[in-house]
Amino acid sequence: MATTEDKFQQNPPLKTQNLFLGAQIFLRVLALAVTLAASWIVLTSKQTILILGMAFDARYSYSPAMKFFAMANGIACAFSAISLFFVSFLRRHFFNPNHYFFLFLHDLLVLLLVLAGCAAATTIGYVGQYGNNHSGWSPICDHFQKYCKRVTASVAFSYLSVMFFLMLTIISASKSRQIHV
């Protein structure tokens, strides 16, 4: 009769490590794709309308918060690609928990950067959608529906990337806990 210890020994550490690295690679590819989509959508979002014969534009470059949002997603996309190469390197070489601690720090910083960009874009999006009567700012999304829908999709993609980076941070943190001093 097999004991409980024998059942747990059937899962070799190499199989667990391969599963961990596979999850890392999968989540990093998803984060890369979603941040690239968020950046691309917001960078190409613009709309021009005519009101009383005058042309009015809506572009991401008119708002510092939207510029920050676009650049935060672009930087996160680039760092995801860099970390993907690093994780691929870890897959080919020996396991060292110190590497996962640096990966944890990387994931945490990228998570915070993207979350800050999402917060900035959400704030400006809220003002664009509902305005602010106390400041005298009128809502613009009733006039620029196409632009607002594209920016909303971009922010949604960015929040999805926050979830992926949060999962990566948790996975890296749990793996880096194995560091022995």
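Coordinate-derived values only; no laboratory data. Since the model is a prediction, treat every value here as computed from it, not as a measurement. Virtual Cβ from ideal backbone geometry, glycine too; neighbours counted across all protein chains shown.
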Radius ratio Rg over Rh of segment 40-146, counting only Cα atoms, Kirkwood formula for Rh: 1.19
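Report, as a whole number in µm² per second, the diffusion coefficient that Stokes-Einstein gives for segment 93-179 at 4 °C and 1.567 mPa s using the Kirkwood radius over alpha carbon pairs.
86 µm²/s
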Of every Cα-Cα pair in segment 28-80, the percent that sits beyond 16 Å: 48 percent
Inter-label distance for SER135 and ILE49, nm, one decimal - labels placed 7 Å from Cα along Cα-to-Cβ: 1.9 nm
Dipole of segment 39-181, positive direction: furthest Cα of PHE144, SER176, ALA116, with charges on the beta-carbon: SER176
